[in-house]
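Asks: Okay, here's the structure, questions in a sec.
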């Protein structure tokens, strides 16, 4: 008869998982290393919110981006952003601490808001897809205590339109 196969115990499987985890962790730490083997600073976070439709939404922020399955650190950090839709306007609030007002650039289109900001130690970049069409020329921005707030009028109000006379 053939050779009898040795059954793997739960401990063998656990040891194999630990070895795989250690190898993956080593790869991640190598990807975070900068010049001369120093580890570059990285920020990563996420938040989970429930939308009006009742579905959970996961938003990531920071300077760790995934390329395929491997994470890598990028120079620009993605700020944490809230988008609030009201009847006649859209409000975007972005947390950008440590940047002077003069070093922030905001660009609006009918459906996107692009936020850039930088100083000697920090760089922020975020493209925000707006929930409704807006009038970019109506955008007004304020920046206080590290928080940028942009308010833009909607192109058309919900339920808007004109009344049609019947002949």
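Asks: Counting residues that are within 29 Å of residue 140 (Cβ to Cβ) and at pLDDT 80 or above, which strands (runs of 3 or more DSSP E) fully inside the stretch 1-109 reach at least 1?
Replies: So the answer is 70-78, 81-85, 89-95, 104-108.
Asks: If you check every pair at least six apart or on different chains, which have Cβ atoms under 7 Å apart with a residue in the stretch 40-51 that is within 13 Å of residue 122 (Cα to Cα) first and a residue that is modelled with pLDDT of 75 or more and surrounded by 10 or more Cβ atoms within 10 Å (Cβ to Cβ) second?
Replies: That search, which allows pairs on different chains as well, returns 43/77.
Asks: Additional query: For the stretch 99-117, give me each residue that is more than 14 Å from the chain's Cα centre (by Cα) and without any contact (Cβ under 8 Å) to a residue 40 or more places away in the chain.
Replies: 100, 102, 103, 105, 107, 109, 111, 112, 117, listed by residue number.
Asks: Hey, can you tell me all the residues within the stretch 119-152 that are in contact with a strand residue (DSSP E or B) (Cβ under 7 Å, 6 or more places away or on another chain), closer than 24 Å to residue 47 by Cβ and free of Cβ contacts under 8 Å to residues at least 40 places away in the same chain?
Replies: 127, 129, 141, 142
The values are calculated or read from the model by the stated rules, or taken from the named source; none is laboratory data. Bear in mind that the values here come from a model prediction, so they are computed numbers and not experimental data. All Cβ positions, glycine included, derive from the backbone under ideal geometry; neighbour counts span all protein chains shown.
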